[in-house]
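Since every read-out is calculated from the coordinates, none of them should be taken as a lab result. These numbers come from a predicted model, not from an experiment. Cβ placement follows ideal geometry from the backbone for every residue including glycine, while neighbour counts extend to all protein chains displayed.
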Amino acid sequence: MMDLALSKAQTQIAAAQKGVPAIKAFFDAVTFTISYVVHDLETRRAAIIDSVLDYDPASGRTATDTADAIAAYVEAQQLGVDWLLETHAHADHLSAAPLLQERFGGKIAIGAHIATVQQTFGALFNAGLDFRRDGSDFNRLFMDGDQFAIGGLAATVLHVPGHTPACVAYVIGDAVFVGDTLFMPDYGSARCDFPGGSARTLYRSVRRLLALPPSTRLFMCHDYLPEGRDDYAWETTVEAERQGNIHLHDGVSEDDFVAMREARDKTLAMPALILPSVQVNMRAGRLPPPESNGVAYLKIPVNAV
């Protein structure tokens, strides 16, 4: 059966001018997250992808240094923000999308399968009836193959589950923002042991991404500086991943990948910020509603994860 969404992305990339869109990366050394501002050079319309709100778990305090750096760039470049894009409900950092939306406008968007994540974690955190589990906290829910625009730039959404059920990749011009679906070739692949994750599904999602044209630029959401490399990196190509990804290069079978990934995941500790992050990110980056004393609280479920 023809993959219509992938065909849309392939056609878009083939038609795109090489090196377009303009991309500025912002690396958060605390969470090893890379956020991006992507803009159209002609119209100066922009999207912000996977923004970070600083959070100190010891004090429970938030800060905006990382988001402020993004905001300063947007203002210096005189960009108009149309989209605040999330590749998934992150488990390692809090999103700054509402903060940036308040400052610049734009729509907060994520894959439509976020509703599955909201059902799972809404129950875990006993979020109550006021927490909607239909994705309506977000301004736009994308389905596989949906297309949208950033000024004059064409963009296509690919649903790439496996790390989580809701993961999407954004194909913008000739560039793909892959979220946690894939890492740099010398680091490999994302864990698949979160609720709704699947190593087998991730393998198929990655093979789908690697069916894009070989020169397609790929931009990672994280880099953890593997042994043997001195500098953080987050840009690669489809060809480089197919030739050199230590977990998923051409020739690795689905069964071999699943066996490796499931064994590896059993050795991994939970991310340090998973409990605060998911509570916030399942609400599109908003804190839970304040209680009667005016304070918002994040829950820590005991012996439940």
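In deg cm²/dmol, rounded to 500, what helix-only [θ] at 222 nm does the chain give when every DSSP H run of at least 4 residues adds -39500 (n - 2.57) and the total is split over its residues?
-8000 deg cm²/dmol, from helical runs alone.
For q values of 0.06, 0.13 Å⁻¹, compute log₁₀ I(q)/I(0) with the Debye formula on a Cα-only model of the chain, without solvent.
Computed log10 I(q)/I(0) values: -0.18, -0.90.
Work out, step by step, the length gained on full extension between residue 239 and residue 68: first 0.36 nm times the residue separation, then minus their alpha carbon distance; give nm to one decimal.
58.1 nm
Taking a point 7 angstrom from the Cα of residue 29 along the C-beta vector, which residues in the stretch 231-248 have backbone N less than 18 Å away?
Of the residues in the stretch 231-248, 231-234 have backbone N under 18 Å from the label point off residue 29.
Which of 107/266; 8/107; 18/266; 24/299; 266/299 have a Cα-Cα distance over 30 Å?
The answer is 107/266; 18/266; 24/299.
Net charge near residue 64, counting Lys/Arg +1 and Asp/Glu -1 over other residues with Cβ under 15 Å of its Cβ?
-4
Highest GNM mean-square fluctuation, the chain, Cα pairs closer than 10 Å: which of 42, 254, 241?
Maximum among the listed residues: 42.
By average Cβ neighbour count within 10 Å, what is the ranking of 177-186, 114-123 from highest down?
177-186, 114-123
Exactly which trypsin sites (Lys or Arg not before Pro) in the stretch 88-197 are in a DSSP loop and have at most 15 other Cβ atoms within 10 Å?
Counting only loop positions with at most 15 other Cβ atoms within 10 Å, the trypsin sites (Lys or Arg not before Pro) in the stretch 88-197 are 132.
Please list, ordered by chain and number, the residues whose modelled amide H lies under 5 Å from the amide H of residue 20; skip anything fewer than 5 residues away on the same chain.
Here 174 satisfy the definition.
Using alpha-carbon positions, what is the distance between the centroids of the stretch 1-50 and the stretch 150-167, in Å?
Centre-to-centre (Cα) distance: 10 Å.
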